[in-house]
Amino acid sequence: MFQVILKRLLMLVPVLIGITLIGFLLLQVMPGDPASRAMGTRASPEELEAMRRLWGLDQPVWVQYLYFLRDCVTGSFGVSIFHKLPVIDLVAARLPFTLGIVLYSTLIALLVALPFAIMAALNRGNPVDSAIRQVFVVLIAMPPFWLCYVLILWLALGLGWFPTGGVGDGFAANVYRLFLPSLVVGLSTAALIQQSLRSALIDTMKADYVDTARAKGLNGRAVFLRHILPNSLISTISIIGVRVSWIIGGTVVVEKIFSVPGLGSLLIDAIVSRDLPVIRGLTVFFAIMVVIVNLITDICYALADPRVRLE
Amino acid sequence: MLVLKNLPRSPAGAIGLAMLLVTLLATVLTPWLSPWDPYALDFGAAMQAPSASHWFGTDNFGRDIFTRVMAGAVFDLRLALICVFVPMAFGVAVGMVAGFFGGWVDAALMRLTDIVWAFPFYVLVLAIVGVLGASETNLYVAFFLVNWIGYARIVRGETMLISRLEYIEATRVLRFGRIRVMARHVLPNAVTPALVYSMSDVVLTVQAIAAMSFFGLGVQPPAPEWGILIVESIDYMREAPWMTLFPGLAIVWIGIAFSLLGEGLSTALKPKG
């Protein structure tokens, strides 16, 4: 087990270096001089020169990359022009909200996808199965940012059940206030994982140990609850792992609309105020977050499935 | 061509195709169906609810929403198809070379996809457009940079499988040139799963184009882009919900059409046996 984790950690190193390289290239391909693009037309030549020196723009490209790599390794991810703070400080204050939506929406996605996946798998090939598939086709066709407004119009402004946005103090308040944004991300995730969950269930139903359980004389219900379901749930861990990047990306859109002060809002604000170090630092941070969550799901999968450990 | 014959045979494919044809027909017939100007302001007719003369109602400037949604259909479909099929062509080419020849091209492609896939789609597109500046051209650049990789990875895997099949072995015995083998014998089969994938890609790309306009980072007003129609409606959402509803439903409609087309294609392209 320890070796599996160690091997995965070592495989991460080139990916992490690649992520920082892409983050670095992002600002490198920008047309014009980054300093004057960032400072606008008001800056004096002296200010621009100071800016260039601060960012190391007077250095050769590879030195500039090493500077950025140093910022990532030491954990600051660069310094914001607008807030005059290390990017990581901005991230730290907003991360809990984004992680909250990621976890909350994953929970909602599972609660929506699982019953439908079970129903579809039990009815595979018949009208119930295809009806469920069509429901999820419609769900996936709904643009998340539009769905946000439809829900605001219907559940917040119309029925008054939920606030139109913002966050509250404490866990309970946020479970309530973050419900709509998490629902939007959760529904689009549910649409993506329902299909894989259905096939995972169908594959498990065909496994030899399920035949054995039936041959022992267990009834259908017991076979399903004790053998098919637990084993399919293990595979959902890896299905979610594959979709992590999608879930985290989905938070960007909903945070802005529901005024949640998370990483997504920070990214949009940075783009609007042309805070280039924040755009770069955050983009890299998002990718690292995806890689870490992937690692965690891989480890959970290995812990839950003995076959992976024995490889 | 065989595909076009087989596509309507699966119910999903037939419905998807029909939905798309209805859309195209409606855009062509718009001047007769709804004889309004999509841009002309008419404050006397502002924010009218849907009626027989204004099917989807009017917006805060008195512009007919049906006409604007139809103009948006032409606009968004053109944009989405470019943002999907240009990267697809490049990705298919790279994927085939990587899968057919292997070696360092293949190794580099695999590492690159591992890295790029760590970035959430919206984060990367937003960051690229954010750095380059908001414009239609930069939208193409961002989608190209992000989208080709999926196709390269799919076609690479497919090409590796096909290259080991007997009929490709046979071309080696016949001493066919590698280019000829790739273009005539590998490509038609390797491109199939990429084509099915491209349909779901269109669904997500239409949404992403609208989302980018929503953040003010995509196509700029007064283009009748669906995302722009939705953004401009937000302030009037309470008084005139149809302004928000119909452009969004247009995105949903196109999304369903392409999802069903994808389903139909995967059935139609599946080898019999």
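The values are calculated or read from the model by the stated rules, or taken from the named source; none is laboratory data. This one's a predicted model, so the numbers in the text were calculated from it and none came from an experiment. Here the Cβ positions follow ideal geometry from the backbone for every residue, glycine too, while neighbour counts run over all protein chains shown. Side chains are part of the model used for accessible areas, which takes the heavy atoms of the whole protein and leaves out ligands, DNA and RNA. Shrake-Rupley method; radii C 1.70, N 1.55, O 1.52, S 1.80 Å.
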Legend entry - Student exercise, region B:148-273 dipole from Lys, Arg, Asp, Glu Cβ charges, in Debye to nearest 20: 1080
Inset, instruction - Can you send over the solvent-accessible area of A:Ser76, 1.4 Å probe, protein chains only, in Å² to the nearest 10? - result: 30
Legend entry - Relative intensity, log₁₀ I(q)/I(0), of region A:268-311 from a Debye sum that treats every alpha carbon as a point, q = 0.28, 0.31, 0.32, 0.33 Å⁻¹: -0.88, -0.95, -0.97, -0.99
Legend entry - Normalised alpha carbon radius of gyration of region A:148-207 [divisor 2.2 N^0.38 Å]: 1.58
Legend entry - For A:Val79, residues with placed amide H under 5 Å, excluding near neighbours: A:Val87
Inset, instruction - Calculate what fraction, in whole %, of the accessible area of the protein assembly as shown sits on carbon and sulfur atoms when a 1.4 Å probe is rolled over the protein chains. - result: 69
Legend entry - Counting all C-alpha pairs of region B:129-254, share separated by more than 23 Å (%): 52
Legend entry - Reachable lysines, given that their alpha-carbon falls under 17 Å from the alpha-carbon of B:Lys270 and they are not under 8 places away in the same chain: B:Lys5
Inset, instruction - State in Å² the accessible area per residue of region B:93-166; use a 1.4 Å probe, count heavy atoms of protein chains only, and round to the nearest integer. - result: 37
Inset, instruction - Arrange the residues A:Cys300, A:Cys148 by how much accessible surface each exposes, largest first, with a 1.4 angstrom probe. - result: A:Cys300, A:Cys148
Inset, instruction - Among A:Leu157, A:Leu201, A:Leu69, determine the one that fluctuates most according to a GNM of chain A built with springs between C-alpha atoms less than 10 Å apart. - result: A:Leu157
Inset, instruction - Given the options A:Asp203, A:Asp275, A:Asp298, state which has the largest fluctuation in a GNM of chain A using a 10 Å cut-off (strictly under) for Cα springs. - result: A:Asp203
Inset, instruction - Using only alpha carbon pairs under 8 Å that are at least six residues apart, calculate the relative contact order of chain B and give it in whole percent. - result: 29
Inset, instruction - Compute the signed sum of charges (Lys and Arg +1, Asp and Glu -1) over the other residues within less than 14 Å, Cβ to Cβ, of A:Ser199. - result: +2
Legend entry - Relative contact order [Cα under 8 Å, 6+ residues apart], region A:27-175, whole percent: 6
Inset, instruction - Mind telling me which of B:Ala240, B:Ala211, B:Ala107 comes out most flexible in a GNM of chain B, alpha-carbon contacts under 10 Å? - result: B:Ala107
Inset, instruction - Give the peptides B:78-90, B:119-131 in descending order of average Cβ contacts within 10 Å, highest first. - result: B:119-131, B:78-90
Legend entry - Viscosity 1.567 mPa s, temperature 4 °C, Stokes-Einstein D of region A:90-304 from Kirkwood C-alpha radius, µm²/s: 69
Legend entry - Using θ = phi - 60° and Karplus 6.51 cos²θ - 1.76 cosθ + 1.60, couplings along region A:223-232 (whole Hz; Gly, Pro as x): 4, 5, 6, 8, 10, 5, 4, x, 6, 6
Legend entry - Partner chain coverage, peptide B:127-138 - average Cβ within 10 angstrom: 5
Inset, instruction - Determine the shielding of peptide A:10-20 by partner chains: average, over its residues, the number of Cβ atoms on other chains within 10 angstrom of each Cβ. - result: 2
Inset, instruction - Report ³J(HN,Hα) in whole Hz for each residue of region B:97-113, in order, from the Karplus equation J = 6.51 cos²θ - 1.76 cosθ + 1.60 where θ = phi - 60°; Gly and Pro get x. - result: 4, 5, x, 7, 9, x, x, 6, 4, 4, 4, 5, 4, 5, 4, 4, 5
Inset, instruction - Divide by every residue of the protein assembly as shown the summed helix terms, -39500 (n - 2.57) for each DSSP H run of at least 4, and state the resulting mean residue ellipticity at 222 nm, rounded to the nearest 500 deg cm²/dmol. - result: -24500 deg cm²/dmol
Legend entry - Around A:Leu12: net Lys/Arg minus Asp/Glu count, Cβ-Cβ under 15 Å: +1
Inset, instruction - Take chain B, compute every pairwise Cα distance, and split them into 5 Å bins from 0; I just need the percent in each bin. - result: 1, 6, 11, 14, 14, 14, 12, 10, 7, 5, 3, 2, 1, 0, 0, 0
Legend entry - Accessible area, probe 1.4 Å, largest first, for residues B:Ser233, A:Ser259, B:Ser51: A:Ser259, B:Ser51, B:Ser233
Inset, instruction - Round to a whole angstrom and tell me the spacing of the C-alpha centers of region B:202-242 and region B:55-79. - result: 11
Inset, instruction - Sort the protein assembly as shown into rounded, prolate or oblate with this rule: let a ≥ b ≥ c be the square roots of the eigenvalues of the Cα gyration tensor; rounded if a/c is under 1.5, and if a/c is not under 1.5, prolate when a/b is larger than b/c, oblate otherwise. - result: rounded
Inset, instruction - Using Cα positions and a limit of under 15 Å, work out the aspartates and glutamates in reach of A:Lys7, with same-chain residues fewer than 8 apart set aside. - result: A:Asp298, A:Glu311
Inset, instruction - Over region A:90-304, average the accessible area per residue using a 1.4 Å probe and give it in Å², no decimals. - result: 40
Legend entry - Three-way shape call for region B:112-199 based on the alpha-carbon gyration tensor, with the a/c threshold at 1.5: prolate
Inset, instruction - Take peptide A:268-279, look around each residue's Cβ out to 10 angstrom, count Cβ atoms belonging to other protein chains, and average those counts. - result: 3
Legend entry - For region A:122-129, 3J(HN,Hα) per residue [Karplus equation, 6.51 cos²θ - 1.76 cosθ + 1.60, θ = phi - 60°, Hz, x = Gly/Pro]: 5, 10, 4, x, 9, x, 4, 4
Legend entry - Alpha-carbon centroid distance for the pair region A:154-215 / region A:46-116, whole angstrom: 28
